1. Looking at the range 433-450, is at least one residue at pLDDT below 75, in a helix (DSSP H, G or I) and open to solvent by 60 Å² or more (accessible area, probe 1.4 Å)?
2. Applying the selection to the range 618-631, what residues are part of a helix (DSSP H, G or I) and either at pLDDT below 90 or open to solvent by less than 20 Å² (accessible area, probe 1.4 Å) (or both)?
3. Right, Pro547: part of a loop (DSSP other than H, G, I, E, B) and of a type outside the set (Asp, Glu) or not?
4. Could you list, in sequence order, all residues of the range 506-536 that are touching a helix residue (DSSP H, G or I) at 6+ places or on another chain (Cβ under 9 Å), small (Gly, Ala, Ser) and either in contact (Cβ under 8 Å) with a residue 60 or more places away in the chain or open to solvent by 40 Å² or more (accessible area, probe 1.4 Å) (or both)?
5. If Val198 meets every condition in (1) among the hydrophobic types (A, V, I, L, M, F, W, C); (2) touching a residue at least 60 places away in the same chain (Cβ under 8 Å); (3) closer than 27 Å to Val28 by Cβ apart from one, which number is that one?
6. Which of the numbered conditions does Ile158 fail, given that it passes all the others? Conditions: (1) at pLDDT below 85; (2) over 30 Å from Arg555 (Cα atoms); (3) crowded, with 17+ Cβ neighbours inside 10 Å.
7. Kindly indicate whether Arg376 is open to solvent by 50 Å² or more (accessible area, probe 1.4 Å), out of contact with any helix residue (DSSP H, G or I) (no Cβ under 7 Å at 6 or more places or on another chain), at pLDDT 80 or above and in a helix (DSSP H, G or I).
Amino acid sequence: MNRDRRLLLVGALLLAALGTFVALRIRVATDITHFLPAGADARDVLLARELATGELSRTIVLLVDAPDASTAAAANRDFEGELRARPAAMRHVARLVGGADDAIEDAMWQTYERHGLAFLAPDRDAARARLADDALDRAIATLKRKLSTDMSTLLGKIAPADPLLVLPRLFERVMGARGGGLRLVDGRFLTQDERGGVLFLTTRAATSNATALRPLMRELDAAFRAVARRIDAPLALQQSGAHLFALAAEASIRADIQRVSIGSAVGLTLLFVLLFRSLRLLLLVLPILASGFLAGTSVCLWWFGSVHGLTLAFGAALIGVSVDYGVHFHCHHLHAGRDRPARATLRAVWPGLSLGALTTITGFVALIASGFPGLRQLAVFAVSGIAAAALSTQLFLPGLAAPGSRPTKLAMRLAAGLRRLWFAPHRSRTALLAPLVAVALVIAVGLPRLRWNDGIAGLNRIDPEVAAKDAAVRGRVVRFEQGRLVVATGADEEQALQANERIAAALEELRARGALAGFRSLAPMLPSRATQAAVVSVQRDDPTLWPRLARSLERHQFRPAAFEPFHQRLVEPPPAPLTYDQLAASALAPLVEPFRFTWSGGTGFVTLLRDLHDEAAVRAALAAIPGADLIDIAGSLSGAYGAYRERLLRLWLVGLGGVLLLVWLRHRRLVPTLIAWVP
């Protein structure tokens with residue numbers, strides 16, 4: 001076996017190894033955050049990145065439409081049970097909530113019962129106002145009225161230790177907020193028209209990662225079909241969440257890759273048949289293309305753990321330049337004569353091929369320093385793919401070249417015409433400047449019209465049909481702002497909670513003034529330790545509280561002795577303030593964990609806004625609160641894109657400089673260097 005045959009065999013084995021590695025390790029990501037700027041120093045950008053990938057963004061809304069409330073509640077409960085019974089589904093699910101079940105209700109009472117004094121009011125001043133004589137009298141009157149309702153049995157057990165009904169009010173407020181304005185029927189979340197059962201599903205993977213979520217989507221469909229078969233009523237499943245757009249984007253990417261691949265293959269085939277009257281050139285081109293694509297994919301899988309769909313789409317186009325390697329070799333070999341060995345032809349054209357590969361690689365090496373993970377991956381793909389494609393020419397081209405081939409008449413006429421155009425004996429060398437003039441004209445016309453679009457929305461084409469379906473579900477279920485959130489941050493949890501409760505107080509004032517329709521905050525469930533201690537001290541340090549309360553009880557025909565448990569709480573040592581860790585370790589975790597996040601600056605808590613009408617008023621109110629921010633996720637990231645675009649332009653210029661240096665080292669003359677470099 002001669003050398004070329006041995007190298008051909010080595011190339012085939014390497015190609016098979018790369019293909020096997022890719023087949024076993026392939027993991028395609030479509031997460032749009034892959035193209036968000038990383039390592040930004042701006043506070044709002046860091047927070048926007050965290051929120052764009054946090055738990056709230058990983059929540060899917062499942063809406064089961066039914067003919068009536070009882071069927072909707074039954075379908076809601078059955079759907080949740082069916083999903084929980086499927087291990088293949090639950091391995092992708094971090095949390096699934098469809099209503100206020102007994103476990104959550106029991107956890108509310110067990111967790112807060114000992115801490116009742118701390119939740120009388122949101123702050124010290126409000127606590128004093130609730131303990132004024134007239135406020136106490138109204139509270140006892142309310143207690144008497146409610147004891148005459150259907151809730152009398154439950155309240156009769158609670159009231160001796162909680163005559164001001166602190167815990168029932170807290171429970172009503174928390175559960176009402178948890179449903180986001182939904183109705184609670186038979187313990188299940190229903191829409192306002194009571195014809196849709198609602199489940200909130202939080203995924204483990206980012207909902208923008210379509211590859212990771214595709215198995216969950218199949219399980220959701222299968223679970224719903226099982227529920228629909230069991231319930232004798234027409235049901236329909238609708239969804240809302242970022243996953244819808246990720247799935248649509250992935251399908252679009254796959255379609256684009258398929259369309260470009262098929263179109264390129266057909267076009268190349270027609271060109272080769274027309275120009276060379278043979279498909280043998282495909283044997284030269286395809287192994288080089290495959291080597292570049294598989295090598296780029298393999299390096300990305302090894303380096304990053306996955307390869308993004310956009311990397312595959314753009315990378316495949318970039319690797320397409322390696323088609324020129326085989327074509328360039330084939331054309332030279334056909335015109336070199338029958339007796340010239342293929343290896344000799346490759347040695348003759350190798351300086352040009354290697355220079356072309358090196359200039360392409362140099363241009364992309366600079367982008368590895370980009371602040372965008374997606375562009376870094378694209379650069380790694382291009383550098384490794386082009387390098388592999390260039391090196392594979394040494395393995396494949398001589399062994400696959402057709403011995404004794406001759407150029408077609410069309411190819412000979414084209415070669416002769418190009419020779420006359422550029423290299424005629426009496427042709428002025430200034431004609432070689434034509435490409436430079438053409439490029440200069442294009443720049444002169446196009447550059448003044450250049451406009452930059454730094455909006456994050458430009459990264460993905462939104463399918464109007466998908467957007468309409470998502471908006472329809474959100475309109476019935478979740479009316480909170482999706483792109484604008486208020487965050488409270490601090491160096492530690494206590495500091496963040498103090499900011500969070502001040503935010504809640506400010507937003508409540510703004511809500512009363514009409515700046516927003518409402519908000520949802522963790523503050524009612526978890527004030528700061530300092531606030532809890534302050535509210536407790538207002539009650540324990542007031543020696544007149546129990547006598548005044550006793551007189552109010554007597555006025556409403558209650559026996560004060562029946563409320564001795566409350567009196568004992570006023571005099572006995574109070575428990576330590578309630579903490580986030582205690583709530584997260586209980587059945588209340590689904591109610592609190594979506595609000596908390598961590599970031600490089602410490603701990604943070606999120607407040608959701610509903611129908612924000614006056615953003616300026618909200619920003620002005622938050623400016624007076626340390627650690628408070630109104631985050632416009634899209635706006636913050638778009639601003640970051642503008643800054644990173646400027647950095648990328650500098651990197652691009654560095655790459656162009658590297659290419660210019662390589663070309664100059666090759667030619668050592670000005671005109672040939674410019675002709676090769678400027679386009």
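1. yes
2. Scanning the range 618-631 gives Val618, Leu622.
3. For Pro547, the condition - part of a loop (DSSP other than H, G, I, E, B) and of a type outside the set (Asp, Glu) - is not met.
4. Residues satisfying the conditions are Ala506, Ala515, Ala517, Gly518, Ser521, Ala523, Ala530, Ala533, Ala534.
5. (3)
6. Exception for Ile158: condition (2).
7. no
Residues checked against (1) without any contact (Cβ under 8 Å) to a residue 60 or more places away in the chain; (2) open to solvent by less than 30 Å² (accessible area, probe 1.4 Å); (3) assigned to a helix (DSSP H, G or I):
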| position | (1), (2), (3) |
| --- | --- |
| His328 | yes, no, yes |
| His333 | no, yes, yes |
| Asp339 | yes, no, no |
| Ala357 | yes, yes, yes |
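The values are calculated or read from the model by the stated rules, or taken from the named source; none is laboratory data. All values derive from a computational prediction rather than experimental measurement. Positions of Cβ are backbone-derived with ideal geometry, glycine not excepted, and every protein chain shown enters the neighbour counts. Keep in mind that these areas ignore ligands, DNA and RNA; they rest on the heavy atoms of the full protein, side chains included. Shrake-Rupley method; radii C 1.70, N 1.55, O 1.52, S 1.80 Å.
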